[in-house]
Amino acid sequence: MGYELDEYEVPLGENGKAAWWTGVIYQVYPRSFQDTTGNGVGDLAGITARLPYLADLGVDALWISPFYPSPMADFGYDVSDYTNVDPLFGSLDDFDDLLAEAHRMGLHVVIDWVPNHTSDRHPWFVESRSDRVNPRRDWYVWRDPKPDGSRPNNWLSMFGGPAWTWDAGTEQYYLHSFLAEQPDLNWRNEQVQEAMFAAIRFWLDRGVDGFRIDVAHFVMKDPALRDNLQHPAPPRSKGHHDAHGVYRDLRSILDGYDGERFSVGEIHIDDPTEWASYYGEGNDELHMPFNFSLLNAPWDATAIRDRVETIEAAVPPGGWPNYVLGNHDEPRITGRVGRERTRVAMMLLLTLRGTATLYYGDEIGMSDREISPQAQQDPLGSRVPGEGRDGCRTPMQWDPGVAAGFSSALETDLWLPLGDEFAMINVAVESDDPASMLTLTRSLLALRKRIPALRSGSYLGIDGLPADVYGYERRSGSDRIRVLLSFTDETRMVTTGPGRVLLSTDSDRTTDGGGSIALGPNEGVVLA
Ligand code: GLC
């Protein structure tokens, strides 16, 4: 047998049961979920209208990407007011309705918090750039040019080009890890910390259950702003150890509230030990840093097992793992691995130990849409050709009707075009099809709810399987569940001993094992 955890522990909530955030989180990209005003852009009332779908699907929580007032240079990741709602998405009242409805249905609500940078139109930055002696000057990272007039250091923006923009009015450069329209806040300034934590409290007071923290590891910079030794390379603003203090402070704010208030950070750090350090020593920082290791993994049984077991080994005692198959920054899973393998990918996501984050539309098998350069919306795509993220942000496909049920606007008036396959790949059509991706996702979510071992059991990798089959066992008390996943287009015989197939990715499977199982091409099974 392979790697086994000696001890495992599921984080508990106040009621003594597994905390809600150990379940499944569904990511909603608000522009693309449901439009109720007919302007071709989704809104908060649209999310509220679709909550019954999410409750019925069987997820535990939704995470909503930013809906704050924003000039939309980066579609909401450029915030100009942290304590309000952009009129495009509705109002604070609409948000309160959404939250109340979600809670009534037993769904938790996670919102995005963007601490690293604001919009350049945020009043704080407008003041900061107005004058070198403005009290808010130090809220952002301003520096003089080098004596030869060049930029303060060699840092690059994550979105291409230098990370410094010259401000002619005050004759200094300001730092932006992303667009020039997204100036970086100076987290070494205590007033900045107070103001940003006040925004957190504003939403906690309203009843929000948690926060997804945008580029969480960027908040603290090298105090000396030294050049990157490797160049070209992203700014040295990633992962400065002083960021840990920020998340310890955040954690104590969250823990000071009733219920289980939660934090998950967007942490793109490849080194597993450094990545895991964001749980905090004694688990006093983030509840979890997002684990993106499946996003770029080769679709290969050994590679996937290796990624899973690397994470299992890295998560500190008392910490809780998590897995992500897609989000609003990545090409969708269907395109990455091929439609025929997407079902196994979903079984993997929903049967591993840890929180699963499901990107809207992946449950029905939506794929990326090719966006012509003229129709391109994403600023990253315009600056770095080939990197555009519009393809995975197309409107949710609800039904085969006008605008796929997303909007009453004409298809040509939607903010992004519909996916090519929306007539077949949509919620309505798939709900009636026992062989659909949606039916499989629902069944997996239901199984996970029904069987404690799948939700909170230990993980044990199974050795001795064919090289292109990955299997693991999940155990809780006397419950023992096995998952076998095929990564090949051929059939593989697997000796299983006694066992009963509870669910297969192949809806036609009829045989039940009986000591061994012929695992079909790209088939996954859950065995009791
Ligand atoms: C994060 C977001 C991405 C955004 C960037 C800048 O990576 O997920 O969408 O563009 O931060 O805020």
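Checking each residue in segment 81-117 for being acidic (D, E) and either part of a loop (DSSP other than H, G, I, E, B) or surrounded by 22 or more Cβ atoms within 10 Å (Cβ to Cβ) (or both) picks out D81, D86. Mind listing whichever residues of segment 389-400 are within 14 Å of the ligand (Cβ to nearest atom) and either β-branched (V, I, T) or not in a helix (DSSP H, G or I) (or both)? Within segment 389-400, R389, R393 qualify.
Selection over segment 506-528 of residues that are in contact with a Ser or Thr (Cβ under 9 Å, 6 or more places away or on another chain), touching a residue at least 60 places away in the same chain (Cβ under 8 Å) and in a loop (DSSP other than H, G, I, E, B) gives a count of 4. Take the residues in segment 58-80 that are in a loop (DSSP other than H, G, I, E, B) and away from the ligand (no atom under 16 Å from the Cβ), then tell me which one is farthest from W21 (Cα to Cα). Checking each candidate, the answer is G58. Scanning segment 372-386 for residues that are farther than 18 Å from D420 by Cβ and free of Cβ contacts under 8 Å to residues at least 40 places away in the same chain, which turns out nearest to the ligand (Cβ to nearest atom)? Result: G381. Specify which of the listed residues (T495, T439, T488) is among the hydroxyl-bearing types (S, T, Y) and part of a loop (DSSP other than H, G, I, E, B). Checking each option against the conditions leaves just T488.
In this structure, does R151 turn out to be of a type in the set (K, R), in a loop (DSSP other than H, G, I, E, B) and away from the ligand (no atom under 16 Å from the Cβ)? Yes; evaluated as a whole, the condition is true for this residue.
Listed here are the residues, each with its yes/no results for (1) touching a residue at least 60 places away in the same chain (Cβ under 8 Å); (2) within 30 Å of Y472 (Cα to Cα); (3) among the basic types (K, R).
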{"residue": "V10", "(1), (2), (3)": "yes, yes, no"}
{"residue": "G13", "(1), (2), (3)": "yes, yes, no"}
{"residue": "P30", "(1), (2), (3)": "no, no, no"}
{"residue": "N39", "(1), (2), (3)": "yes, no, no"}
{"residue": "G42", "(1), (2), (3)": "yes, no, no"}
{"residue": "T48", "(1), (2), (3)": "no, no, no"}
{"residue": "L54", "(1), (2), (3)": "no, yes, no"}
{"residue": "G58", "(1), (2), (3)": "yes, yes, no"}
{"residue": "D78", "(1), (2), (3)": "yes, no, no"}
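Select from segment 370-388 the residues that are outside any helix (DSSP H, G or I) and more than 20 Å from the chain's Cα centre (by Cα) and write down the one among them that is surrounded by the fewest Cβ atoms within 10 Å (Cβ to Cβ). Going through the qualifying residues, I end up with G386.
Only the coordinates and a few stated rules stand behind these numbers; no lab work does. In this text the structure is predicted, and so the values were computed from the model without any measurement. As a convention, Cβ positions derive from the backbone with ideal geometry for all residues, glycine included, and neighbour counts pool all protein chains shown.
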